[in-house]
Every structure is written in structure tokens, then in C-alpha cells.
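Please read the structure below before turning to the comments.
The values are calculated or read from the model by the stated rules, or taken from the named source; none is laboratory data. Worth saying up front: this structure is predicted, and the values here are computed from it rather than measured. Note that each Cβ is placed from the backbone with ideal geometry, even for glycine, and that neighbours are counted across all protein chains shown. We work out accessible area using only protein heavy atoms, side chains counted, and drop any ligands, DNA or RNA first. Shrake-Rupley method; radii C 1.70, N 1.55, O 1.52, S 1.80 Å.
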Amino acid sequence: HDGLGRKQSDLSSDQRQQRLLERPSLLQYLSYTFNFHSFFAGPICTLKEHLVFMDGSYHMQPSDPKPRNVPYPVYAIVSKLVSALLCLAVFTILGKYMSVDYLLDPKYMTSFPSMPITCMLAGTLIRFRFYLIWILADSINNAAGMGFNGYDKDGNPKWDLMTNVKVFEVELPQNMRSAVNGFNSSCGAWLRRVCFDRAPFSPAAATLLLSALWHGFYPSYYFMFIVISSALVVGRKLRKT
């Protein structure tokens, strides 16, 4: 749509980068939809990123005077596998002493000091299950060659295109925006591209509403997204003052 149905001057920099100037073939579309290394757990990439990966030009930069060799993702794969194992260890070991079942136990949920502590610890352990799957999926994509995101200022390859979570940003955020951006990042980028950048008004509220509807009709989801939306609006106003 952005490549064939809109003027370039109307597009944002990200939309210009991700636009397609010709209609993909049925084989290309199916290979994107059912690619084996991200079919079950993601993370999400755009069709443009997938096509660039498939034609083998993903490691090239427009400013390169000559073709570069394909960078090896060994370090990225090993470091992410180690991170995934650490998340597995945290969830497995600490899960013996703290569970979401405790939230239904009157022993832990009747007194004020134990109630918020129990909720916080149980929620943290649940997040580590997501961290495990997402980091493992990221390493699998890197092993297949997907996830290259250019070079840093020192010329080292970056393999964070498919990174879906930044654990420290989620667990130790400076503000709500940092926590939101660090959790399920590729899904957040997709929501930004399909909703936030295109909503005619209240893009933040529209994006959170879409995400809530997508998750299902559970009251807790809507309560969570209302709190997040309010915190983001307050944080934005505070940064402007």
C-alpha cells in the first residue's frame, strides 16, 4: 500500500524504508507467512525485511564501495542462548518458591505487606517465561541468518533486528515508555506501523485499544492498557515541561 498507493512525500522515514515498489509473488508471500524459523514464536519482521533476507542482500549497506562478506552471528547466537538459559534457571528455580497460585491463597493475600510483594514476584516470574521463549526465538532466527541490522560505529555487525525483549529495560526502566518499548518489541513496532503512525487522532489510545482487542475480551487486559495509556500520557507531558 505504501509503495504503490501513496506518494513518497506523504510517508514517514520508516514507511519509505519498508515500502514495496512491486507486488510480491505468491511464493514470496507464502515464504514470509510460513518461514520455519519464526512461524511458532516469532518475532515479527516486515515483508520487506524478509525479502531482503531471502535475496541475500541483507548484509549490504548502500555506502559500501565493494560487497562485504556475510557476517557470522556466532557471538550473537551464543550470548542469546546463555541469556535464555539464565531465564530458564530463574523461572525453574525460583518458581518452586513462588507461583501465581499464591495469588489465590488467603494466607498471602490478606495482609498488606505480603499482598503487593507476592503479586510483584509472581508477575516477574511469569515474565521470565516470555523472556526465555523470545530470546530463544531470536537466537534461532540469527542461526538461520535472519536478524542482521547493519553495523555499529566500530564496524561490528549488529544482530538485533529480531530482538523482541530487552530484559533490563523492562525490569529496571527509567519510565513507563522504556518498559513498554522493551517488552515484545517487534509486536510494538508492528502496532506502531499499522496503527500509531496512521491513526487520525489519539494514536496512543487507539494503539492500546487495538492491542487490548487483539489479546481478547478479558477485563484485566483493558484495565492494564488504561493504566499504561495514562502513564504514557503523564510521562509525555512531564518530559515536555
For this session: Read through the list (1) free of Cβ contacts under 8 Å to residues at least 40 places away in the same chain; (2) open to solvent by 70 Å² or more (accessible area, probe 1.4 Å); (3) closer than 25 Å to residue 84 by Cα; (4) of a type outside the set (Ser, Thr, Tyr), then give the number of the only condition that residue 213 fails.
Result: (3)
Problem set entry | Qualifying helices (runs of 4 or more DSSP H) (wholly inside the range 123-199; at least 3 residues being more than 15 Å from the chain's Cα centre (by Cα) and polar (S, T, N, Q)) | none
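Quickly run through the range 1-29 and pick out the residues that are hydroxyl-bearing (Ser, Thr, Tyr) and over 19 Å from residue 50 (Cα atoms).
Result: 9, 12.
Quick grid of which residues meet (1) touching a Leu at 6+ places or on another chain (Cβ under 9 Å); (2) surrounded by fewer than 16 Cβ atoms within 10 Å (Cβ to Cβ); (3) without any contact (Cβ under 8 Å) to a residue 40 or more places away in the chain:
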site: 91; (1), (2), (3): yes, no, no
site: 95; (1), (2), (3): yes, yes, yes
site: 111; (1), (2), (3): no, yes, yes
site: 146; (1), (2), (3): yes, no, no
site: 164; (1), (2), (3): no, no, no
site: 171; (1), (2), (3): no, yes, no
Exercise. What is the one condition in (1) over 30 Å from residue 99 (Cα atoms); (2) crowded, with 16+ Cβ neighbours inside 10 Å; (3) in contact with a Gly (Cβ under 8 Å, 6 or more places away or on another chain); (4) of a type in the set (D, E, K, R) that residue 193 does not satisfy?
Worked result: (3)
Exercise. Which members of the range 16-35 meet the condition of being over 17 Å from residue 187 (Cα atoms), among the aromatic types (Phe, Trp, Tyr) and touching a residue at least 12 places away in the same chain (Cβ under 8 Å)?
Worked result: 29
For this session: Sort through 126, 133, 140 and tell me the only one that's over 30 Å from residue 72 (Cα atoms) and of a type in the set (Val, Ile, Thr).
Result: 126
Exercise. Is the range 6-27 home to any residue that is of a type in the set (Asp, Glu), open to solvent by 70 Å² or more (accessible area, probe 1.4 Å) and modelled with pLDDT of 80 or more?
Worked result: yes
